[in-house]
Amino acid sequence: MSVVKGVADSFFAFPKDFLFGASTASYQIEGAWNVNGKGESIWDRFTHTHPSWIKDSENADVAADSYHLYKDDIQALTDMKVDFYRFSIAWSRILPKGDTSLINKDGINYYNNLINELLKHKIQPMVTMYHWDLPQPLQELGGWPNPLLVDYFEDFARLLYKNFGDRVKWWVTLNEGAEVAAGYSSPRHYAPGVEAPGVGDYLAAHTLLRAHARAYWLYDSHFRRCQGGNVGITLNSAWVEPLADTEEDHTASERALQFMLGWLAHPIFTEEGDYPLVMKERVAHNSKAEGYSHSRLPTFTADWITALRGSADYFALNHYSTLLATPGDAGGVPSKDHDAGVVMSQDPSWPASASSWLKVVPWGMRKLLNWIAKEYGNPKLIITENGFSDQGQLDDVGRINYHKSYLSEVLKAIYIDKCNIIGYTAWSLLDNFEWTRGYTEKFGLYHVDFSKPSRPRTAKSSSKVYAEIIRTRKIPQGDEQ
Ligand code: GBH
């Protein structure tokens, strides 16, 4: 095995113009949750009202305090010589009420300072407009299931293009819409924790897709000519491998991918547009069996199908791990899992991380990249997240092995399979607030000491290996342990 791995690793160097980056998200690192005019977000509300839903009862009121320490973050990025930094904007830091009735100057200043400091160090900003921290006032309107949010998101996007688009050339509208939608499906996992499985999540995704398309075409019609940047959407997916090499399990794995990734990708990246056929059929069938006279899956008008089609300049992918699939009953009735009808598992022999869901399966990434290339016509693709969790130790051999082995599969996908992959982003630059896992699972290339008010950052071994990969464009040989 190591011979095969070694061949790919030593033969191939990353293309000259391949982009390497590191990623964070506003709520997970910024802190300063109510400082200088920032409004409340659904994650502020969620952690404050339900501490018991967070593993260590913690919140991100201070987190890594990047609101005050962003220059330290940029120092870390500079030490690794990354090409770009992917961070997100806290909507409620700029628009405390969610709408444009109140624009918080301090919020605009903060992101201007961050962007300018990055450019000073020759690091390109890649900006995610929305990484899960919806302004609470928009949740009072019903949140993402309410189609009005398409308009509110467009206003927010316009403000971002106007204020930052002269310097930001890489935009991501939304991070992982499937997970955003899960906040309207099950109560405990994601804010706002609304429980309406098989209904709320489909409605939320329906709005998210249209919000994305609006932001895309707004850029295209009013900003692209002057600003010349790229607008994409980050979608997330595991690779789904058939449990056994049988026809049923192959069908189940394909169906699972359509329900996980195709749900949001198919409307944007296929010629035919709209939700995947298998989703439309199965949700309609189940809805009928449950006594509804209409499908729980909302329908796009012909105009929306057209608007969504082609509404991305590149495919942004978050990928971490792999699942095994066989057909069967899953989830409650109704639910998206039940609609998919796939029973998922993982192989106990796959190496573990600190996160129960994250097993180390590098070959899954190559298979997923190939599936995307085939399904969506080999789009230009940037991996916007990929990373490994542990307890936070400085000599993080598990993380080093993870990035090396996954990057080796990326090389094979580029050179052997001819997938059009143009960039890679490590999640995460820093240890941070890992949503309902609190501070119990650490993904950072840099350690953050959360016990000290000054939140000092320390380079982990992985940051040095990542820097070497970026410098040499090659994966260093040899095992860590
Ligand atoms: C990303 O989400 C987020 O964008 C980022 O903010 C986060 O910190 C990072 O990953 C690390 O978690 O059915 O048991 O397999 C990843 C979201 C989390 C979605 C795990 C799928 C699988 C649950 N993924 N989840 S399971």
Scanning the stretch 240-275 for residues that are in a strand (DSSP E or B) and surrounded by fewer than 24 Cβ atoms within 10 Å (Cβ to Cβ) gives GLU241, PRO242
Pair list, Cβ under 7 Å, 6 or more apart: the stretch 170-189 residue closer than 22 Å to PRO125 by Cβ, other residue in a strand (DSSP E or B) and within 8 Å of the ligand (Cβ to nearest atom): VAL172/THR234; LEU174/THR234; ASN175/THR234; GLU176/THR234; GLU176/ASN236; GLU176/ASN318
In the stretch 297-325, the residues that are among the hydroxyl-bearing types (Ser, Thr, Tyr) and closer than 22 Å to ASN236 by Cβ: SER311, TYR314, TYR320, SER321, THR322
Considering (1) part of a loop (DSSP other than H, G, I, E, B); (2) touching a helix residue (DSSP H, G or I) at 6+ places or on another chain (Cβ under 6 Å); (3) not aliphatic (A, V, I, L, M), say which one ASP73 fails and leave the rest. (1)
For helices (runs of 4 or more DSSP H) lying entirely in the stretch 308-415, having 3 or more residues that are under 21 Å from ARG255 (Cβ atoms) picks out 336-340, 362-375
Which condition from (1) touching a Lys or Arg at 6+ places or on another chain (Cβ under 9 Å); (2) more than 15 Å from the ligand (Cβ to nearest atom) is the one that THR246 breaks? (1)
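Considering only helices (runs of 4 or more DSSP H) fully contained in the stretch 171-227, which possess at least 3 residues that are within 16 Å of the ligand (Cβ to nearest atom)?
Working: elements: 177-182, 200-222, 224-227.
It comes to 177-182, 200-222.
Only one residue in ALA316, ALA325, ALA330 is free of Cβ contacts under 8 Å to residues at least 24 places away in the same chain, out of contact with any Phe, Trp or Tyr (no Cβ under 8 Å at 6 or more places or on another chain) and within 15 Å of the ligand (Cβ to nearest atom), so which one is that? Lay out the reasoning, then the answer.
Working: ALA316 fails: free of Cβ contacts under 8 Å to residues at least 24 places away in the same chain; ALA325 fails: free of Cβ contacts under 8 Å to residues at least 24 places away in the same chain.
Testing whether each residue is free of Cβ contacts under 8 Å to residues at least 24 places away in the same chain, out of contact with any Phe, Trp or Tyr (no Cβ under 8 Å at 6 or more places or on another chain) and within 15 Å of the ligand (Cβ to nearest atom) leaves just ALA330.
Here's the yes/no breakdown for (1) closer than 24 Å to GLY228 by Cα; (2) among the aliphatic types (A, V, I, L, M); (3) crowded, with 20+ Cβ neighbours inside 10 Å:
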| residue | (1), (2), (3) |
| --- | --- |
| HIS121 | yes, no, no |
| GLN124 | yes, no, no |
| PRO147 | no, no, no |
| GLY165 | yes, no, yes |
Can you tell me which residues in the stretch 32-50 are farther than 21 Å from HIS68 by Cα and of a type in the set (Val, Ile, Thr)? ILE42, THR47, THR49
Checklist (1) surrounded by fewer than 20 Cβ atoms within 10 Å (Cβ to Cβ); (2) outside any helix (DSSP H, G or I) applied to LEU297, failing item: (1)
Quick one: which residue in THR440, THR436 is outside any loop (DSSP other than H, G, I, E, B), surrounded by fewer than 24 Cβ atoms within 10 Å (Cβ to Cβ), of a type outside the set (D, E, K, R) and within 16 Å of the ligand (Cβ to nearest atom)? THR436
Note on the stretch 54-86: residues more than 30 Å from LYS169 (Cβ to Cβ) and either buried (at least 16 other Cβ atoms within 10 Å of the Cβ) or of a type in the set (Asp, Glu) (or both) are ILE54, ASP56, GLU58, ASN59, ASP61, VAL62
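Readers should treat all values here as calculations from the given coordinates under stated rules, not as data from a laboratory. These numbers were taken from a predicted model, which means no experiment stands behind them. Cβ: placed from backbone, ideal geometry, glycine included. Neighbour counts: every protein chain shown.
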